[in-house]
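The values are calculated or read from the model by the stated rules, or taken from the named source; none is laboratory data. This is a predicted model, so every value here is computed, not measured. Glycine also receives a Cβ, built like all others from the backbone with ideal geometry; neighbour counts cover every protein chain displayed. Just so you know, the surface numbers come from the protein's heavy atoms only, side chains and all, with ligands and any DNA or RNA stripped out. Shrake-Rupley method; radii C 1.70, N 1.55, O 1.52, S 1.80 Å.
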Amino acid sequence: MALYEDAQTQYYAKNYDGSLDAIDASLAILPTSEAYALKGSVLFMLGNVEAAQQNWKKAKELDPDFVLPTIINK
């Protein structure tokens, strides 16, 4: 949980590389829909739309109530 919170903090500070490192470490311990959703957002901000979409879809697989961002909600 601490790694996920660190990833969120890094994301809001616009330190996307640091956020990605923390979220990857978090996912290695416990894959959650929230972590995949955040990773998708980080990757989107880094310009990797395809990888972002894959992570958002993984979040949706883990949590059917997850609302996909409109960029892929087609």
Open item on the list: Checking Asp65 against (1) touching a Phe, Trp or Tyr at 6+ places or on another chain (Cβ under 9 Å); (2) modelled with pLDDT under 95; (3) among the acidic types (Asp, Glu): exactly one of these is not met. Which one?
Closed with: (1)
TODO: Return the residue satisfying two criteria in turn: it lies in the range 16-72 and is under 12 Å from Leu3 (Cβ atoms) and β-branched (Val, Ile, Thr), and of such residues it is nearest to the chain's Cα centre (by Cα).
DONE: Ile23
Open item on the list: Can you list residue pairs whose Cβ atoms sit under 8 Å apart, with the first residue in the range 52-68 being free of Cβ contacts under 8 Å to residues at least 40 places away in the same chain and over 15 Å from Leu27 (Cβ atoms) and the second being in a helix (DSSP H, G or I) and open to solvent by 90 Å² or more (accessible area, probe 1.4 Å)? Count only pairs 6 or more apart in sequence or on different chains.
Closed with: Leu68/Lys57
